[in-house]
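Heads up: the structure comes next, in structure tokens.
The values are calculated or read from the model by the stated rules, or taken from the named source; none is laboratory data. Given the structure is predicted, the values throughout are model-derived calculations rather than measurements. Reconstructed Cβ throughout: ideal geometry from the backbone, glycine too, with neighbour counts over all protein chains shown. These accessible areas exclude ligands, DNA and RNA; they are computed on the full protein's heavy atoms, side chains included. Shrake-Rupley method; radii C 1.70, N 1.55, O 1.52, S 1.80 Å.
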Amino acid sequence: MSEENKTKKEKPVKVKPAKRRRVRGEANTERANAIRDFFKSLIAPVIFLGLIGIGVFLIIHFVNPEKEKVQIIPYGYEGGEDPIVMESNDILFTMDPLTTHFTVTKKSTGKVWSSYIENAESDSRALSEEKNRMMSNLLLTYTIKSGLETIYDTKSFSVDNSIYEIKQEGDTVKVFYTLGKVEREYIIPKVKRVSEMDALREKMEKNKASLVKDMYKKYDIKKLKKGDDKEALLEKYPIFETEPIYVLKDNAREDRKQVIEEALEEAGYTYEEYQADKELDQSEGDEENELFNVEMDFRLEGDDLVVELPFDSMEYDPEAPITMITPLPYFGAGSKNEEGFMLVPEGGGGIIEYNNGKTAQNNYYANMYGWDFCMRRKYVIHNTRAYFNVFGHSSGEGSFICILEDGSSYGSVKALVNGKQNDYNFVNVDYTMIPKQEFDISNMSSSAVYSFLPSLPAGEKIVQRYRFLDSTDYVDMAYAYRDYLENTYGEYMSLNTDDQAPVEVEILGAVDKVQQVLGVPVSLPVKLTSFKEAKDMIAEMDSSGIGKLSVKYSGWCNGGVNQKILTKVKPVMSLGNEKDIVDLASAADSSSVNLYMNGITQYEHRSNIFNGFLSYRDAARFLTKERAELFNYSHVTYAAREGFKSYYLLHNSLAKTMADNLVAAAKTYGTGVSFEDLGMDVSSDFYRKDSHSREDTKKQHVELLKSLDDKRVMINMGNDYAVPFVDMVTNMDLKGSEYTIIDKNVPFYQIAVHGYIDYTGEPINICGDDQEQLLRSAEYGAGLSFTLMKESSFVLQKTLYSEYYGCEYAAWKDRMTDMCKRYNNELGHCFNQEMTDHEVLSDYVRCTTYADGTRVYTNYSFTEDYVAEDGTTVPARDYTVVR
């Protein structure tokens, strides 16, 4: 074959296999890549699932580990029956050791105050549980994880079972209560060999031997009856396998157990045999009831009775924490046959007459110092607040005041009249011990789950001081409180030397308003009063002779009235520069006008990372460890208001830094410092690594105010612990809420502090009723307050600041001047004096008297003039001063 033919016959047979290998190789590569991509796609889900698994493991094993039942060892009373007595010059304290009931006798009058209701058993309205509480020195509430609350009282859950102890150490009587459902232990065997029990029965009287036989059931493994569970019996009583036994019936009554105990003892049954028989019983004991140990100390300090409950001596199971304690719930309670009244800390003071018949009205209830903002709430119907720490009783030939000292911030004062729960009128304090908060798991479960504070704050205690008087007058009760304040605060409580009425004017600097910037809506500060305008306003007001003028400048920095966080204090640019502030301060100082730069230190508004605020880092924490996000609430729906941004409560240590920053800024400008919130609001902080109790925060505020002794300080509202350390209190709640159960409002707190501290009520021009506020100020010895701005009210349109519509300076200038000049001319001389008397002359007329004899009549009637006994005519809706 020719080469040419050979070439023609040769076919490229090797070409196709090569191509197939390349295709196969490419396919293998693609498959490998696909597999690799598949496994790559699994990496993120695997890691995510792994993290979830780790989280679940940590939660199960570390966050909520299995906890052993805390063993509470109960106390036991083994003392005598002789009364326990303590005595001072004018007070006799006598306690019955068998009941722990006590009385306090005022020697000068013979008036006796009891810690309990002697005739509780015959009360016509009280249920049996309430009768026990009426005879108790303490009520304790505990709560389990589901939120179920149970109340124990010291009578039925401690004293009746003799599980308490009394020790007298010097001038102190200490009572140690164990509260719980503790059954008496009878020395009778639950299980006993038949041979041994029959031998004992032979030694008993016939009727007792028969009773013992009736109370026990006989079991013999060889003669089991229908229904007997052999395996269960063997598990509970192993001895049953070899010997017949007697087992005590479950329905054995207490009285019969006592008879059996006596019969066995007479037959020679010993405690050692009882202990040996207990070894025969391998059944699990009945479910243990919760037990609590609480120490209650009583001591006399001078003629005061001081009651203390130390937290460190309280014992409880964390699975059932103590959530509330009420000491001496019925001390001094007035019966339906007595005349008298209760004093409650509503506004300046509220009087609830005994047996006033207002049983259809709500009980009185007020949180000390208002709401703890580290406790989350979804709805707000009414904010209750008491800013001073006193309640009291007055009846017969005397009265007493109870002053809440340590632990006051945990308290809530409540009062009920005859006909509500029982036939008595009483006032007491509920203290929140271990706070609780519900988790929001509504999307996952219909059951409620609660978070609790892990433990009570270490080293803290509840202290109540009772001071007893010969008088039944609330004015004398206020004197007693004033004496207490003077003794407690010393040089911080000294009389003023002023001879002019204090006038406080809040000048509004700027507010935030949404404005268009290049077509984009942006929230920017809007000027209401510039620094130069404020300077001119102060000069004009001071020259008019309106009185002792103090000016609070609000909304001057960090965005305006709704102020951003004070990490850096920056004046609002539209108001002027720092030189303008210095000029303003200098002008005020030269005119002897006290200028205060106002700021918010416990909250942030509209702040972000650019202002130095990170909510995850800087916000306080609820008990649930969520950030303490707060809302404004609607008066209509009671829910969070639409259109208002939420804001945050600051972490405790950060709030202190903000206060220091505000103080430093005020020092730079040479002005006083005004705190918008400190001295009014006091809140906990459950930040995991730096937790603070409410009482701890209160003490921090006191220390801060003490450290500013060389500076002028102004606060709002004026909680009692803050007032001695400041120069002026504004927005003091003079009247309080309109509780129908309260029969009349009186200036109890103002009688105690007048002449020692300058204070004002709400701003007259924006309070809703300017004439009523003026009269209230005259009755309560308060200065006058106004909130003003230079700009027209129209600038506030399309903002959230409608409450300032009545603040235009031009509209109020003349009326304010006339009002203040008259007030100062007639009342200015009283502000360095103590109040010496206050009288309710009629439903509408009051009379306040001062140390120099000046009388101030106020007539709240809209239509009728009033003619006093001295011939003074007081026009309707006006006040008259008689010197």
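State whether the chain is rounded, prolate or oblate according to the following rule on the C-alpha gyration tensor (a ≥ b ≥ c being the square roots of its eigenvalues): a/c under 1.5 gives rounded; otherwise a/b larger than b/c gives prolate, and the remaining case gives oblate. In terms of gyration-tensor shape, oblate.
Given a 1.4 Å probe and every protein chain left where it sits, what share in percent of the accessible area of the stretch 739-883 is carbon and sulfur?
The value for the stretch 739-883 is 45 percent carbon and sulfur by accessible area.
For the stretch 583-648, rounded, prolate or oblate, judged on the Cα gyration tensor with a ≥ b ≥ c (square roots of eigenvalues), a/c < 1.5 rounded, else prolate if a/b > b/c? Because a/c hits 1.5 or more and a/b exceeds b/c, the stretch 583-648 counts as prolate.
The relative contact order of the chain, computed from alpha carbon pairs under 8 Å that lie at least 6 residues apart in sequence, is 10 percent. Straight-line cross-link partners of Lys167 among the lysines, defined as a Cα under 21 Å from its Cα and at least 8 positions apart when in the same chain: Lys155, Lys461.
Placing pseudo-labels 7 Å out from each Cα toward the beta carbon at Glu169 and Ser195 gives an inter-label distance of 5.4 nm. What you get for the chain, charging only the Cβ of Lys and Arg (+1) and of Asp and Glu (-1), is a dipole of about 7080 debye around the Cα centre. The stretch 641-671 and the stretch 316-382 have Cα centres separated by 32 Å.
Pairs of Lys residues in the stretch 229-372 that lie 8 or more places apart, or on two chains, and have C-alpha atoms under 28 angstrom apart add up to 10.
For the stretch 214-338, what class follows from the C-alpha gyration tensor (a ≥ b ≥ c being the square roots of its eigenvalues): rounded when a/c is under 1.5, otherwise prolate if a/b is larger than b/c, else oblate? Prolate. So, in Å, what gap is there between the alpha-carbon centers of the stretch 250-313 and the stretch 71-130? The stretch 250-313 and the stretch 71-130 have Cα centres separated by 22 Å.
Partner aspartates and glutamates whose Cα lies under 16 Å from the Cα of Lys111, excluding those fewer than 8 positions away in the same chain, are identified as Glu87, Asp90, Asp303, Asp304, Glu338, Glu339, Glu397, Asp470, Asp473. Centroid-to-centroid, using Cα positions, the stretch 731-759 and the stretch 147-207 are 50 Å apart. Taking the average, over residues, of other Cβ atoms within 10 Å as the packing measure, peptides 76-84, 534-542, 370-378 rank 534-542, 370-378, 76-84 from highest down. For Thr154, nonlocal amide neighbours, meaning residues 5 or more places apart or on other chains whose placed amide H falls under 5 Å from its own, are Asn137, Leu138. A crude spin-label estimate for the pair Gln797 and Glu578, with each label 7 Å from Cα along the Cβ direction, gives 3.8 nm. Accessible area per residue for the chain is 48 Å², calculated with a 1.4 Å probe on protein heavy atoms, without ligands, DNA or RNA. On the stretch 218-286, 43 percent of the accessible area sits on carbon and sulfur atoms, based on a 1.4 Å probe. In this simple spin-label model, placing a label point 7 Å from the Cα along the Cα-to-Cβ direction at both Phe631 and Ile381 gives a separation of 1.7 nm. The residues packed around Asp423, meaning those with a beta-carbon under 9 Å from its beta-carbon, carry a net charge of +1 if Lys and Arg are +1 and Asp and Glu are -1. Its Cα centre serving as origin, the stretch 391-507 has a Cβ charge dipole (Lys and Arg +1, Asp and Glu -1) of approximately 700 debye. The H on the amide N of Gly350, modeled in the peptide plane, is under 5 Å from the matching H of Val344, Val746, each at least 5 residues off or on a different chain. Relative contact order of the stretch 477-619: 24 percent, from C-alpha pairs under 8 Å at least 6 residues apart in sequence. Shown for the stretch 641-771: lysine pairs separated by 8 or more places, or found on different chains, whose C-alpha atoms are under 29 Å apart, numbering 23. Applying a length cut-off of 27 Å (Cα extent along the axis) and a mean Kyte-Doolittle floor of -1.0 to the DSSP H helices of the chain leaves 15-58. Available extension along the chain between Val259 and Lys145 is 37.0 nm, counting 0.36 nm per residue and deducting the alpha carbon span. Split the accessible area of the stretch 570-669 by element, probe 1.4 Å, and carbon with sulfur accounts for 53%. Taking the Cβ of Ser554 as the centre, find all other residues whose Cβ is under 9 Å away and add up their charges (Lys, Arg: +1; Asp, Glu: -1). Result for the neighbourhood of Ser554: -1.
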